[in-house]
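The values are calculated or read from the model by the stated rules, or taken from the named source; none is laboratory data. Please read these numbers as outputs of a predicted model, since none were measured by experiment. Here the Cβ positions follow ideal geometry from the backbone for every residue, glycine too, while neighbour counts run over all protein chains shown.
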Amino acid sequence: MTQLAPALDAAPGLPARSGTFSRPFRDVAVLTRRNLIHIAREPLQLSDVLIQPVLFTLLFIYVLGSGVSLAGGSYKDFAVAGLVVLNLTTSVMGTAVGLTTDLNTGTIDRFRALPIWRAAVLVSRSVADILSAVLCTTMVLLTGLVIGWRPHTSVPEFIAGFAIPLLFSYALIWATACLGMVTEGPESAQGIGLVILFPLAIVSNAMVPTSGMPAFVRTIADWNPVSAVAAAMRQLFGNPNPSAAAHAWPMQHPIAAAILWSVAILAVTAPLAVHLYRRRTTD
């Protein structure tokens with residue numbers, strides 16, 4: 001999800017306000033619509049959720065996968081869950097980039113002049129970005145189905161496997177919203193986000209089993225929330241999950257670990273992002 005920097009008039013249908021505040025959900029709905037309309041008007045922004053997932057899936061499975069030996073199943077069955085988490089983790093940088101852009105272009109100042117719920121700017125951004133994450137996840141899974149990946153599980157378990165990475169993505173969206181509130185511009189937000197999120201995505205079991213890693217790196221990977229989410233998806237999809245042999249608690253209980261990581265990150269970063277937003281936008 002790349003940056004959003006529309007002017008206020010990019011949200012047709014923004015209602016005129018009276019002297020009273022409208023209900024928060026209405027404010028969030030209107031601003032979410034504004035974000036989605038801008039994405040629709042900028043097709044290049046859709047590449048992160050439409051083109052990148054397809055390219056990553058084909059690249060990793062047919063290039064990297066040719067050199068990975070996996071006992072108990074095919075690499076494509078192993079990799080699809082990791083590709084979902086990899087794409088979601090790297091794409092949330094767009095939240096920070098979009099917020100810093102809106103701050104620097106004065107868009108948020110114009111929103112502040114309206115009698116809307118103060119947190120609506122952040123909440124609507126998170127809603128728009130999680131909808132993009134749903135599309136990204138769908139693209140990875142559809143590409144996987146085309147090239148031969150199959151889930152071997154029940155419908156409820158499949159739905160849970162679809163939902164867990166989205167919960168994690170939503171937590172990361174709020175974490176990167178905090179980043180957007182403390183960086184000065186889109187370039188610095190993207191650079192710092194890359195430094196933080198890229199190692200998080202790579203030092204994990206997302207694309208390769210951790211059994212071949214050095215002991216110290218393997219310990220980090222086994223406790224990495226990305227690894228927990230990927231392992232939870234594999235367990236719920238009935239796909240090969242070599243991490244189940246690891247002794248670390250998150251790998252023995254990946255579903256619980258993925259949910260706990262996500263809830264903990266969200267519980268810390270959502271109120272922090274609102275606090276940082278209020279501090280930055282207070283005259």
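The single condition among (1) in contact (Cβ under 8 Å) with a residue 60 or more places away in the chain; (2) buried (at least 22 other Cβ atoms within 10 Å of the Cβ); (3) within 21 Å of the chain's Cα centre (by Cα) that Ser227 does not meet is (1).
Would you check if Leu103 is without any contact (Cβ under 8 Å) to a residue 24 or more places away in the chain, out of contact with any Asp or Glu (no Cβ under 7 Å at 6 or more places or on another chain) and more than 27 Å from Trp261 (Cα to Cα)? No; evaluated as a whole, the condition is false for this residue.
Of the residues examined, Val208 is not one that is at pLDDT 95 or above and of a type in the set (Val, Ile, Thr). Taking the listed residues Ser132, Ser69, the one that is assigned to a helix (DSSP H, G or I) and closer than 30 Å to Ser227 by Cα is Ser132, with no other qualifying. Total residues in the range 171-203 satisfying the condition of being free of Cβ contacts under 8 Å to residues at least 40 places away in the same chain and part of a loop (DSSP other than H, G, I, E, B): the figure is 1. Take Leu145 and tell me if it is out of contact with any Ser or Thr (no Cβ under 7 Å at 6 or more places or on another chain), among the hydrophobic types (A, V, I, L, M, F, W, C) and either in a helix (DSSP H, G or I) or at pLDDT 95 or above (or both). Spelling it out, Leu145 is indeed out of contact with any Ser or Thr (no Cβ under 7 Å at 6 or more places or on another chain), among the hydrophobic types (A, V, I, L, M, F, W, C) and either in a helix (DSSP H, G or I) or at pLDDT 95 or above (or both). For Leu236, the conditions (1) touching an Asp or Glu at 6+ places or on another chain (Cβ under 9 Å); (2) crowded, with 24+ Cβ neighbours inside 10 Å; (3) modelled with pLDDT under 95 are fulfilled apart from (3).
Could you list all residues from the range 239-283 that are surrounded by 14 or more Cβ atoms within 10 Å (Cβ to Cβ) and polar (S, T, N, Q)? Residues satisfying the conditions are Asn239, Asn241, Ser243, Gln252, Ser262, Thr269, Thr281.
Residue-level check: of (1) surrounded by 15 or more Cβ atoms within 10 Å (Cβ to Cβ); (2) over 28 Å from Ala29 (Cβ atoms), Ser124 misses just (2). Considering only residues that are buried (at least 20 other Cβ atoms within 10 Å of the Cβ) and β-branched (Val, Ile, Thr), look in the range 40-61 and name the one that is nearest to the chain's Cα centre (by Cα). Checking each candidate, the answer is Val49.
Within the range 135-165, the set of residues being without any contact (Cβ under 8 Å) to a residue 40 or more places away in the chain and closer than 25 Å to Asn224 by Cα comprises Thr138, Ile159, Phe162, Ala163.
When the range 1-51 is filtered for residues that are among the small types (Gly, Ala, Ser), assigned to a loop (DSSP other than H, G, I, E, B) and at pLDDT 50 or above, only Ser22 remains.
Does Ser204 satisfy the criteria of being surrounded by fewer than 22 Cβ atoms within 10 Å (Cβ to Cβ) and either more than 16 Å from the chain's Cα centre (by Cα) or within 13 Å of Leu88 (Cβ to Cβ) (or both)? Taking the combined requirement at face value, the residue does not satisfy it.
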